[in-house]
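The values are calculated or read from the model by the stated rules, or taken from the named source; none is laboratory data. This is a predicted model, so every value here is computed, not measured. Every residue, glycine among them, receives a Cβ derived from its backbone with ideal geometry; neighbour counts consider all protein chains shown. Ligands, DNA and RNA are stripped out before the accessible areas are found, and what is left, the full protein with its side chains, is counted by its heavy atoms. Shrake-Rupley method; radii C 1.70, N 1.55, O 1.52, S 1.80 Å.
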Amino acid sequence: MNSSPSTTDPTPLGQEMVSAAEERFERGRKTLGLFLAPALLVVFLLLPLGLDDAQQRLAAVLVFVITLWITEAVPLPVGGLIGVVVVTLLGVAPADEVLAPFGSSTIFTFIGAFILAQAMLRHGLARRFAFRILAVRGVGASTTRTVVAFGLITCALSAFVSNTATVAMLLPTAVAILGTVAGATGRSRQTGDTADQSGAANQSGANADAAAPATVREELLARRTNPRVAVALLLMLAYGASVGGLLTPVGSPPNLIGRGLIEEATGERISFFSWMAAALPISAVMFVVLAVVLLVLNKPEVKRLEGLEEYVAQERRKLGPLSAYERNTLIAFGTAVTLWLLPGVVGLIAGDDSQVYTSVGDVLDEGMVAVLAASLLFLLPVSWRERRFTMTWSEASRIDWGTILLFGAGIVLGTLLSSTGLAKTIGTSSAEVFGIDSVVPITIFAILLAIVISETTSNTASATVVVPIVISVAFGAGVDPFVPALAATFAASFGFMLPVSTPQNAIVYGSGMVPITTMARSGVSFDIAGAILIALLLPLMVVVTGIGG
């Protein structure tokens, strides 16, 4: 982590700036976790909780792992894997039974989707899409339209590409746009063009662009030209990624994690098509509210960003025609989306209870579709003579394996919660203690808990921790856990107040152009609005679309 930047020591784009106090807090939190987690494990193993042996040992391991996750004493995937090992060592279940969830279809959905996203970023397809939208007539004529268009770009990309990667890839473009305001357009283009290209070539490409944001940041902060337009644009980038990530099951790790836990607990399948049908209206309303919140709280001082249209036209000329790499990536991506949606379309035509729908759904399993589409990247040539294909394994292997391991560990613990009976015990006790015995209060409890935890730890960890708790509480109260658990899954993607809440917040904060007080003010407003929208719209969309039924 870096300290606050100065004019002599600029912070590289995409790196998080934190104060000395924040650094001490993070260091203290991790240190606490290293000692507190094993201590709680021992305490819960010895406490007379009135549980049978397997339930008590599992409860101790859960407290141990959740403490590691919340304090982030070790990387989240490592914490999950340690928990899997401890569960086996304590004899809660045999190793083969414990490790079985790592072979689930969702694991392969993660792998295939991550490889497709890697190709989109590496070969510049995502960046080409961004500039195409910015070039739409009239977008550059209004600051408000520019901010909204940038949010739409972020939402659309993050529905299929990692939220963090989307923000890292688009941040150099956002800084270049702000350069037109700061009067640093020429310099930011010269120093930023090369880094922009590398940003499209890999998920952490934003880190390569140091000079452009430093120049723009100094211009904005020194001249105080348009600080509010910078805040509105950059927060739209960070928050828009979270909103767009809700659109599809592969849009954000919490989606696949929550969906997997819900399907495991309820036996109700949530298809790609039904998820999108339920999430699209919710995300659309959330985006409108987000735009209003950001533009009201951070009203831009100018009506138009001078020089933006020229900058976008210049960048599109540099991109040139669609390359073979981009074309092949588009074919693979289009294949994945088409086959993911096809069972839902068949269900609309033939009916969800038809044999045709069942057969198509079984054949076009989402995990197998993801692997098939990703495999096309290794089969579609860009030069047959040289036997050169769209991706190499070296490039593909850079995907986020940590999230995949974390998902597997979360499903392991969720499965054991059910098989040992601990979930029912926790749920019954919680329902009695909190006095929540119907779907509405449990849903509200789920949303608030997920948002609060997401503010202090990662969205992925929030979903992994909160969804099993909510399922347990719902079962204990005799309530169908589907709506509360799905609400917790959606709410886990929130947490907008602090740089530590999500990686995309940290990236935007690291630009040096978004004060933490402004982020907190805008973030808490959208947290509240989002919680209300999920509580009101999600149950309605579950009924309307029949998702999970």
Item to check | Cα gyration tensor category, rounded, prolate or oblate, for segment 51-95 with a/c compared to 1.5 | outcome: oblate
Checklist outcome for this item: Taking a ≥ b ≥ c as the square roots of the eigenvalues of the Cα gyration tensor, with a/c under 1.5 meaning rounded and otherwise prolate when a/b exceeds b/c and oblate if not, segment 388-525 is oblate
Item to check | Charge-dipole axis of the chain as Lys and Arg at +1 and Asp and Glu at -1 on Cβ define it, positive-most pick from GLY495, ILE447, GLN55 | outcome: GLY495
Next on the checklist: Can you find, among ALA278, GLY124, LEU339, the residue sitting farthest towards the positive end of the charge dipole of the chain, where Lys and Arg contribute +1 and Asp and Glu -1 at Cβ?
Outcome noted: GLY124
Checklist entry - Just how far, in whole angstrom, is segment 383-403 from segment 322-361 if you go by their alpha carbon centroids? => result 23 Å
Checklist entry - Going toward the positive end of the dipole of segment 395-549, with +1 on Lys and Arg Cβ and -1 on Asp and Glu Cβ, which of SER522, PHE482, ILE471 do you reach last? => result SER522
Item to check | Size of charge dipole - the chain - debye, nearest 20, with Cβ of Lys, Arg +1 and Asp, Glu -1, no other charges | outcome: 1900 debye
Checklist outcome for this item: Summing -39500 (n - 2.57) over every DSSP H run of at least 4 in the chain, dividing by its residue total and rounding to the nearest 500, the 222 nm mean residue ellipticity is -24000 deg cm²/dmol
Checklist entry - With a ≥ b ≥ c the root eigenvalues of the C-alpha gyration tensor of segment 56-170, is it rounded (a/c under 1.5), prolate (a/b larger than b/c) or oblate? => result prolate
Checklist outcome for this item: Taking Cα atoms, the helix 366-376 axis meets the longest principal axis of the chain at an angle in degrees (rounded to 10) of 40 degrees
Checklist entry - What are the extents of the Cα atoms of segment 104-174 along their three principal axes, listed from largest to smallest and rounded to whole Å? => result 49, 20, 18
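When ligands, DNA and RNA are left out and all protein chains stay put, how many square angstrom of accessible area per residue does the chain have with a 1.4 Å probe?
With all protein chains present, the chain gives 39 Å² per residue.
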Next on the checklist: Check which residues have an amide H placed less than 5 Å from VAL382's amide H, if you skip close sequence neighbours.
Outcome noted: ARG388, PHE389, THR390
Item to check | Projected area averaged over orientations for segment 495-549, convex hull of C-alpha atoms, nm² | outcome: 4.7 nm²
Checklist outcome for this item: Whole-Hz Karplus couplings 3J(HN,Hα) for segment 30-46, θ = phi - 60° and coefficients 6.51, -1.76, 1.60, Gly and Pro as x, run 5, 5, 4, x, 4, 9, 6, 4, x, 5, 5, 4, 5, 4, 6, 6, 9
Checklist entry - What percentage of the solvent-accessible surface of segment 410-543, computed with a 1.4 Å probe over protein heavy atoms, is contributed by carbon and sulfur atoms? => result 74 percent
Checklist entry - Could you give the longest part of the chain that holds none of the chymotrypsin sites (Phe, Trp or Tyr not before Pro) found in DSSP loops with at most 16 neighbouring Cβ atoms within 10 Å? => result 1-377
Checklist outcome for this item: Carbon and sulfur atoms account, in whole percent of the 1.4 Å probe accessible area of segment 252-377, for 66 percent
Item to check | Alpha-carbon centroids, segment 430-483 and segment 40-71: separation in whole Å | outcome: 19 Å
Checklist outcome for this item: For segment 444-526 the translational diffusion coefficient, Stokes-Einstein from a Kirkwood Rh over Cα pairs at 20 °C and viscosity 1.002 mPa s, in µm²/s, is roughly 163 µm²/s
Checklist entry - Counting other Cβ atoms within 10 Å of each Cβ, which GluC sites (Glu not before Pro) in segment 361-405 have at most 11 and sit in a DSSP loop? => result GLU386
